[in-house]
Every structure is written in C-alpha cells, then in structure tokens.
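Readers should treat all values here as calculations from the given coordinates under stated rules, not as data from a laboratory. Everything quoted here is computed from the prediction, not taken from an experiment. Using ideal geometry, Cβ is built from the backbone for each residue, glycine included, and neighbour counts are taken over all protein chains shown.
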Amino acid sequence: MKYDIRNIKLATAGKMRINWAERQMNVLRLIRQRFRRERPLRGVRVAGCLHVTTESAVLIRTLKAGGASVVLCASNPLSTQDDTAAAIVRVDRIPVFAKKGEDRRSYYRHLNAALDTRPHVTMDDGADLVSLLHSSRKSLAGKIYGSTEETTTGVIRLRSLERKGLLRFPVMAVNDSRTKHYFDNRYGTGQSTIDGILRSTNILVAGKTVVVAGYGWCGKGVAARAHGLGANVIVTEVNPVRALEALLDGYRVMRMTEAASLGDIFVTVTGNTSIIGPAHVRRMKNGAIIGNSGHFDVEIDVRGMARIARRRYPVRPFLEAFELSSGRTIYLIAAGRLLNLAAAEGHPAAVMDMSFANQALAVEYLVKYHRQLKPQVYTLPDELDMTIARLKLASLGTSIDRLTPAQRAYLSAWELGT
Ligand code: ADE
C-alpha cells in the first residue's frame with residue numbers, strides 16, 4: 001500500500017484520539033452499522049480531500065464499512081493531524097497522503113496521488129479535487145459518478161463551474177444541508193476558532209474588542225462565542241441584510257477601516273479575499289492579534305503585512321510577530337491559514353457527526369442515483385436532513401412533540417382563517 005505521511009510511529013496516539021472522537025459521533029456510528037449490513041458502496045473507489053482529523057478518520061472508516069476502497073489526502077497544508085494520519089494507515093489500512101506543514105508542491109502531489117487511484121466518487125472540502133478534475137486531470141472526469149463538497153467556499157466555486165456550463169458530473173453540496181451549516185459552520189467554527197485563538201495566544205478574551213469580518217453562519221458563531229467570553233464584538237459586512245442582523249443581535253457594525261483602530265483581536269470569516277491589508281494593519285493598536293478561519297488563506301494580505309514590517313519573527317507555536325516601522329507590533333495566527341484547524345483541532349466531533357453523516361449519505365446517494373443525475377450542484381433530499389436531525393436528537397436523549405392529526409389537517413387547510 002502506497003502512502004505518504006509524517007511518521008507511522010505516531011499511530012498509537014492517533015488511534016486513541018480517533019476512538020475518543022468516535023464516541024461522540026453517534027449518528028455516523030448508526031450509519032456505519034447499516035453500511036456494514038447493506039454494503040451500499042461495494043466496489044466503489046472514493047478519494048477524499050478533507051482535513052485529516054480524527055473526525056475525518058471516523059467518516060472514512062464508515063465508507064470502508066460500506067464496502068468502498070478509500071484514499072485520503074489533505075484539504076489544507078496545515079490542518080493535518082500527523083498522528084491521525086498514521087493511525088488511519090496502520091490501523092485502518094487506508095492510504096493517506098498528507099503531512100502537517102507541507103508545501104504547495106507536496107500538497108498538490110498528494111492530491112494527484114489520490115486521483116491516481118481513479119476514484120468513482122470524490123469528496124472535497126474546498127473543491128480542489130474537482131478543480132483538478134476540470135483542469136490537469138480532465139481525463140479522469142468521465143469515470144466520476146459524482147463528488148461531494150463540505151464547505152461554503154467549495155460550493156461557491158462549484159456553482160461558478162455550473163453557471164459557466166463547465167461542470168462535468170453531479171456534485172452534492174453537503175454544506176447546504178441544514179444539519180451541516182446551521183451547526184458545523186455556526187457552533188463548530190464558533191468554538192474551534194476561539195479554541196485556536198486561545199491555544200496560539202493564551203490571551204484573556206473578556207473585556208477585549210473582537211472584530212469579526214463576515215456575518216454568515218461562521219461569523220455568527222464566532223461573534224456569539226466571543227461575546228459569551230466577555231468580548232465587545234464589532235462586525236464588518238458587505239451584505240446589508242447580514243449587517244442588519246448583526247446590529248440587531250447587539251453588535252456594533254462598521255467598516256473595517258474604522259474597526260481597525262478599535263480591535264484587539266481580528267477574525268476573518270468572509271470566504272473572500274483581501275479583507276485585512278496593510279492599510280488596516282497600519283491603523284491597528286500595538287499588540288493587536290489577527291487570524292483567519294475562512295477556508296483559504298486569502299482573507300489576510302500576509303505578503304502586504306510582511307512588506308510593511310521591518311521585522312517578522314515567531315513568538316509561540318502558530319503565532320508570529322510583525323514589527324512595523326511605527327514601532328507597533330501586530331501578531332498573526334497560523335500564517336493567515338484557517339486557524340481553527342491549524343492552531344487547534346477543528347470542530348468538535350459531536351458537530352462533525354452531523355456534517356459527516358451528510359457526507360456518508362451523499363456518497364451513498366451518488367452511488368445509487370448517479371445515472372439519473374445531471375452535471376449540477378445538488379442538495380441532499382430534505383428527508384435525509386430531517387433523519388440526521390432526528391437521529392442526533394435521539395442520541396442526545398431529547399424527545400420532541402409530533403404533529404397531532406388535527407394539527408396536520410390545520411397546516412394543510414387553506415379555508416380556515418380569522
Ligand atoms: N472542518 C472543520 N473542523 C473539522 C474537523 N474536526 N474535521 C474535519 N474537517 C473539519
């Protein structure tokens with residue numbers, strides 16, 4: 001079996017951590033039990049380009065239990081947990097191509113190694129495999145049943161391919177399931193971003209001013225958790241509806257140029273480019289901390305920061321100082337890469353349970369229906385979303401009411417009024 005990881009000897013540590021994650025992934029465990037019985041993925045080759053974390057390990061184990069042969073590569077050069085990668089190779093006998101801190105060349109070599117297995121289904125977190133399948137690895141696209149996409153940024157890229165009429169196969173936008181983005185993007189990013197800030201800086205958040213750029217589901221989560229720790233939150237937005245939501249949620253809303261001189265901590269979660277650049281950094285207070293939890297490292301102009309810095313040096317793991325000619329020092333977390341996975345462990349397993357239940361069902365759906373599907377971006381059927389929510393509630397020991405026949409009739413009647 002070919003693989004490329006940092007150190008196979010880390011497998012024991014990785015195995016223990018995967019087992020811990022698995023304990024909190026009850027919905028995925030139920031899906032795995034069914035997959036083991038029904039083997040719906042028998043003979044299917046799956047290539048996953050995901051963050052190589054304990055939670056992703058539980059997902060690919062589930063696909064393997066369903067009969068798939070799986071290969072895994074990283075969806076970000078800094079998010080790989082090297083012990084997890086080792087355990088997946090040694091314990092699960094699944095090939096992994098990923099090393100934490102790999103450079104761009106190694107990153108793409110690993111993606112290509114995963115594609116060399118000629119997958120029927122690809123799973124992306126950021127659309128990098130699909131992007132290769134539409135550029136340098138086009139020859140493989142004809143054999144693909146379809147792909148799944150985990151994140152908002154990836155879905156945006158895929159919809160752009162679809163709009164231009166270039167998409168070659170169906171894609172399931174896992175991100176768009178409600179049991180994914182309501183929970184993973186909001187509570188997952190909210191908690192893991194704070195986790196990454198704390199691990200890399202160990203600062204006290206209470207009383208600080210936290211500037212959150214972007215008030216989508218991720219921004220809502222980060223703002224709520226920062227507020228919960230006692231921060232004063234400022235939100236910056238370009239979308240007037242979201243800006244209004246932030247304002248009525250009780251936060252200050254203003255332009256980044258204004259917020260720049262007020263913030264102690266800045267978090268970008270916009271999914272867009274050049275949110276914080278040198279002009280903002282020059283206005284920042286001495287000691288301000290900047291980090292990004294958006295998918296790509298484009299939100300903070302790190303090169304621009306380096307250009308205006310007279311000195312750049314490491315301070316702690318995943319924290320660098322940029323000393324400006326004004327004498328102020330600004331700190332950057334995880335080189336502007338997604339800090340919740342680079343400086344922490346990503347979202348907790350209990351929330352990834354729902355995201356990856358959607359992934360597992362999306363792979364099954366593609367295998368079952370790919371012949372009927374068009375080269376379009378699809379959302380998983382609503383019943384599956386509801387099933388995942390129901391199973392998650394049950395696993396948390398929570399029961400909910402059911403509609404009575406009279407209530408059902410009331411909802412379907414148009415005659416009843418005042
Ligand atoms: N994305 C965010 N958190 C993650 C995690 N823990 N595992 C895989 N992908 C993630």
- Pull up the cross-link candidates among the aspartates and glutamates for Lys208, meaning alpha carbon to alpha carbon under 12 Å and not fewer than 8 places away within one chain. Asp264
- Item | Cα lying deepest toward the dipole's positive end in the range 294-368, options Leu324, Ala343, Gly304, charges on Cβ | Leu324
- Which of the peptides 16-22, 266-272 is most tightly packed, and how do the rest follow, going by the mean number of other Cβ atoms within 10 Å of each residue? 266-272, 16-22
- Task: Work through the residues other than Val91 whose Cβ is under 10 Å from its Cβ and net out their charges, Lys, Arg +1 and Asp, Glu -1.
- Result: +3
- Query: Counting each DSSP H run of 4 or more residues in the chain as -39500 (n - 2.57), what helix-only mean residue ellipticity at 222 nm follows after dividing by all residues, to the nearest 500 deg cm²/dmol?
  - Reply: -12500 deg cm²/dmol
- Message: At a 10 angstrom cut-off on C-beta neighbours, averaged per residue, how do the peptides 161-168, 241-248, 192-199 rank from highest to lowest?
- Response: 192-199, 241-248, 161-168
- Grab the beta carbon distance between Tyr182 and Arg282, set R0 = 56 Å, and tell me the FRET efficiency rounded to 0.05. 0.90
- Task: Over the chain, calculate the relative contact order: mean separation of alpha carbon pairs under 8 Å at least 6 apart, over the residue count, as a percent.
- Result: 17
- Item | Angstrom value of the Kirkwood radius, inverse mean 1/r, which spans all Cα pairs in the range 162-246 | 14.4
- Query: Over the range 233-316, what is the mean sequence separation of C-alpha contacts under 8 Å (at least six apart), divided by residue count, expressed as relative contact order in percent?
  - Reply: 25
- Message: Can you tell me what share of the DSSP beta bridges in the chain is antiparallel? A percent to the nearest 5 is fine.
- Response: 20
- Pick out, from Ile8, Ala357, Asn286, the residue whose Cα sits farthest towards the positive end of the charge dipole of the chain, with +1 on the Cβ of Lys and Arg and -1 on the Cβ of Asp and Glu. Ile8
- Message: Quick check on the range 213-328: take the gyration tensor over C-alpha atoms, sort the square-rooted eigenvalues as a ≥ b ≥ c, and tell me if it's rounded (a/c under 1.5), prolate or oblate.
- Response: prolate
- Kirkwood hydrodynamic radius (C-alpha pairs) into Stokes-Einstein, the chain, 25 °C and 0.890 mPa s, D in µm²/s: 110
- Item | Theoretical gain in end-to-end length, Met254 to Asn202 [0.36 nm per residue, Cα-Cα removed] | 16.0 nm
- Message: Quick one: the Cα spread of the range 78-152 along its three principal axes, in angstroms, biggest first?
- Response: 35, 25, 24
- Pop the C-beta distance of Asn239 and Arg109 into the FRET formula with R0 = 35 Å and round what comes out to the nearest 0.05. 0.40
- With a Förster distance of 56 angstrom and the Cβ-Cβ distance between Ser325 and Ala413, calculated FRET efficiency to the nearest 0.05 equals 0.20
- Among 200-212, 358-370, how do they line up from the highest to the lowest mean number of other beta-carbon atoms within 10 Å? 358-370, 200-212
- Message: Under a crude label model (7 Å from the Cα following the beta-carbon direction), how far is Leu166 from Lys2 in nanometres?
- Response: 2.7
- Item | Extension gain, Tyr313 back to Met386 (0.36 nm per residue minus Cα-Cα distance, nm) | 21.4 nm
- Tell me, what are the semi-axes, in whole angstrom and largest first, of the equivalent ellipsoid of the range 264-324 as set by the roots of 5 times the Cα gyration tensor eigenvalues? 18, 13, 11
- Across all directions of projection, what mean area in square nanometres is found for the Cα convex hull of the range 330-410? 10.6
- Could you tell me which trypsin sites (Lys or Arg not before Pro) in the range 52-116 are loop residues by DSSP with no more than 14 other beta carbons within 10 angstrom of their beta carbon? Arg93
- Message: How would the range 20-158 be classified by its alpha-carbon gyration tensor: rounded, prolate or oblate, with rounded meaning a/c under 1.5 and the a/b versus b/c comparison settling the rest?
- Response: oblate
- Item | the range 306-398, relative contact order in percent, only Cα pairs under 8 angstrom and at least six apart counted | 15
